[in-house]
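Right, one structure below, let's go through it.
The values are calculated or read from the model by the stated rules, or taken from the named source; none is laboratory data. Remember, it's a predicted structure, so these values are computed and weren't measured experimentally. Cβ atoms come from the backbone with ideal geometry, glycine included; neighbour counts cover every protein chain shown. Surface accessibility is based on the protein's heavy atoms, side chains included, excluding ligands, DNA and RNA. Shrake-Rupley method; radii C 1.70, N 1.55, O 1.52, S 1.80 Å.
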Amino acid sequence: MSGGAIRSVKGTRDLLPPETEVWAAVEATARRVFSSYGYGEIRTPVLEETELFVRGVGEGTDIVGKEMYTFADKKGRSLTLRPESTAAVARAFVEHGMAEWPTPVKLYYIGPHFRYERPQRGRYRQFFQIGAELVGDEGPLSDAELLLMLVGFLGALEFDDLVVRLNTLGDEAARSRYRAALTEYLRPFAAELSDDSRRRLDENPLRILDTKAPRERELLAGAPRLDACLDEKSREHFATVRRILDRFEVAHSVEPGLVRGLDYYTSTVFEIASAGLGAQDAIVGGGRYDGLIADLGGPAVPAIGFAIGQDRLIDVLPESFRRRHLPRTPVVVTPAGLVDAGALLALAGELRSAGLAVTMELTGRSVKAALKRAHRSGVRFVVLAGEEELELGRAQLKDLETGTQTELPRAALAAAILEAT
Ligand code: AMP
């Protein structure tokens, strides 16, 4: 069989240097900020039993209904590449008896997730999420602390135009009252709804609130509001969360239509977007899921969490953070004429110890060819060292940007380069 070159699978992509440096810096920042709030990292498997997501995320959701990478393994077991991690963390919580750990249990994760979506800008079939879950406390302080941590993390990435959108879904009884009211209101308009929304009318009417269709938005403007159905406890809980955010000057708006796409959310839900993006472009979504762990066969333990889309986050990352974390372009050390390779390696070693990124010209190119190549790869400084200079403890420093060439004592090279960059 003859074939062309093999390409990456549709909807997946390779991340290459130097961009991977930016990814690593974002991850290092997440680890630093989350651990300062007492969170520890959890690494769950990429593969889970399909049943986990069907029960955990919910059959009526787009994720479970259309987007899962599900397949039978060699023994015929139905497995799924994780489309999200909250259900997996909840499974691990139950499996490892974490209800016995000191509460609340605070966990974060970073890694690839998979959804069979139509690939488009910013949407991939393999994408990355950075998420955190606080398990074992139901109080509003936990919601507020989690949100402050999230805003602190995004602040550390130098975002300064964040929009925090909040809502409360109330307790189960409130949601059930609201579902009934919404269905009753929308039923007479069923013929005007999209196929998706009509299906949701029976399966998951709250999801219709997420619609972008203009006619449906118009209809929804007259729909009963969730806040009219709320229970007193949820109202107070929500008010306390907002008070704490105000106290820390976290600007936020209440969005009565914000319901989030997954079945497990209860009480507080939120999204954060960057004002520079359209309204649809949340970088983070999250909320409370007080019933999920019990639904998965564990004890009744309340929890709250969020997931950040890392691909999206990196797409809109402030330029200042990106610039600081892109690697410095390396200094190239080039032999000028006959030089002992060991002496050249030692010189490169000195520059590396001083904090510079250094590559060596190892191919035996002529000085002219080496300079040309360095120029093409965007390198600014080339250190030229010949036998004679090295013996005298000196080298030539060529600045390709200004075209100048200076002879310096080798001990002064690193300082001269660092000063100029
Ligand atoms: P969700 O788990 O659906 O609440 O999504 C959380 C975040 O993950 C979203 O805000 C998106 O930024 C990101 N996300 C979800 N699906 C994808 C995808 N297919 N490609 C890239 N990012 C995604």
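Relative to the longest principal axis of the Cα atoms of the chain, helix 341-353 runs at roughly 40 degrees. Computed from Cα positions, the angle between helix 19-36 and the longest principal axis of the chain comes to roughly 60 degrees. If r is the Cβ-Cβ distance from Lys233 to Lys74 and R0 is 45 Å, what FRET efficiency results, to the nearest 0.05? Working from the Cβ atoms, E equals 0.35. Relative to the current alpha-carbon distance between Glu401 and Thr240, full extension at 0.36 nm per residue lengthens the span by 52.2 nm.
Could you grab the relative contact order for segment 291-417? Cα pairs under 8 Å, six or more apart, rounded to a whole percent.
21 percent.
Which aspartates and glutamates have a Cα lying under 16 Å from the Cα of Lys212, excluding residues fewer than 8 positions away in the same chain? Of all the aspartates and glutamates, those that pass the test against Lys212 - Cα under 16 Å, at least 8 places apart if same chain - are Asp62, Glu192, Asp195, Asp196, Glu255, Asp281.
Per DSSP H run of n ≥ 4, the term is -39500 (n - 2.57); total these for the chain, divide by its residue number, and report the mean residue ellipticity at 222 nm rounded to 500 deg cm²/dmol. Write down the numbers at each step before the final one.
On the way: 16 runs with 161 residues, N = 421.
Mean residue ellipticity, 222 nm, calculated: -11000 deg cm²/dmol.
Loop-located GluC sites (Glu not before Pro) across segment 169-210 with a Cβ neighbour count of 13 or fewer within 10 Å are lacking, with loop assigned by DSSP. Using a probe of 1.4 angstrom and keeping all protein chains present, the accessible surface of the chain works out to 50 square angstrom per residue. Using a Gaussian network model of the chain in which every pair of alpha carbons under 10 angstrom is joined by a spring, one finds that among Glu350, Glu95, Glu133 the greatest mean-square fluctuation is at Glu350. Taking Cα centre as origin and charging only the Cβ of basic (Lys, Arg, +1) and acidic (Asp, Glu, -1) residues, the dipole magnitude of segment 329-421 rounds to 480 debye.
Around Ser366, with a cut-off of 13 angstrom between Cβ atoms, what is the net charge of the other residues, counting Lys and Arg +1 and Asp and Glu -1? Intermediate results must be reported in sequence, preceding the final value.
On the way: positive: Arg365, Lys368, Lys372, Arg373; negative: Glu361.
Taking every Cβ under 13 Å from that of Ser366, the sum is +3.
In this structure, the pairs whose alpha-carbon distance is over 27 Å, taken from Lys106/Lys233; Lys10/Lys106; Lys74/Lys106; Lys66/Lys106, are Lys10/Lys106; Lys74/Lys106; Lys66/Lys106.
Using R0 = 41 Å, the C-beta based FRET efficiency linking Asp210 and Arg352 works out to 0.20. Rounded to the nearest 10 square angstrom, Ile244 shows an accessible area of 30 square angstrom against a 1.4 Å probe.
So what is the relative contact order of segment 1-135, in percent, for Cα pairs below 8 Å that sit 6 or more residues apart? Each step should come with its number before you reach the end.
On the way: 167 pairs, mean separation 36.9, N = 135.
Relative contact order here is 27 percent.
By accessible area, using a 1.4 Å probe on protein heavy atoms only, segment 107-163 has 48% of its surface on carbon and sulfur.
Only loop residues by DSSP count here, and only those with at most 14 other Cβ atoms within 10 Å; note down the trypsin sites (Lys or Arg not before Pro) in segment 114-189 that meet that. Write out the running numbers ahead of the final one.
On the way: sites: Arg115, Arg121, Arg123, Arg125, Arg165, Arg175, Arg177, Arg179; in loops: Arg115, Arg121, Arg125.
Passing both the DSSP loop test and the Cβ count: Arg121.
Simple rule: put +1 on each Lys or Arg Cβ and -1 on each Asp or Glu Cβ in the chain, find the dipole, and look at Val382, Tyr289, Pro83; the Cα lying farthest toward the positive end is Val382. Ligands, DNA and RNA aside, His375 has an accessible area near 120 Å² when probed at 1.4 Å. Net charge in the neighbourhood of Leu169 (other residues with Cβ under 9 Å of its Cβ; Lys, Arg +1, Asp, Glu -1) is +2.
Applying both filters, DSSP loop and at most 15 other Cβ atoms within 10 Å, to the GluC sites (Glu not before Pro) of segment 356-421 gives Glu401. The phi-based Karplus calculation (6.51 cos²θ - 1.76 cosθ + 1.60; θ = phi - 60°) puts the 3J(HN,Hα) values of segment 44-52 at 9, x, 6, 9, 9, 5, 3, 3, 4 Hz, whole numbers, x for Gly and Pro.
Tell me, what is the Rg over Rh of segment 1-92, with Rh the Kirkwood radius over Cα pairs?
Details: Rg = 17.5 Å, Rh = 16.4 Å.
Expressed as Rg/Rh, it is 1.07.
Ellipsoid semi-axes for the chain, based on the Cα gyration tensor and the rule √(5λ), read 53, 24, 21 Å when sorted largest first. For the pair segment 166-199 / segment 375-411, the C-alpha centres are spaced 71 Å from each other.
Find how much the distance from Ala420 to Asp161 grows on full extension, using 0.36 nm per residue of separation minus their present alpha carbon separation; answer in nm with one decimal. Before the final figure, lay out the partial values.
On the way: separation 259, 0.36 × 259 = 93.24 nm, distance 3.27 nm.
Gain on extension, Ala420 to Asp161, equals 90.0 nm.
Note on Ala412/Trp101: beta-carbon distance plugged into 1/(1 + (r/R0)^6) with R0 of 60 Å gives a FRET efficiency of 0.60. Taking the Cα centre of the chain as reference, the dipole from Cβ charges on Lys and Arg (+1) and Asp and Glu (-1) amounts to some 1140 debye.
For Leu16 and Glu172, the difference between the fully extended length at 0.36 nm per residue and the C-alpha to C-alpha distance is 51.6 nm.
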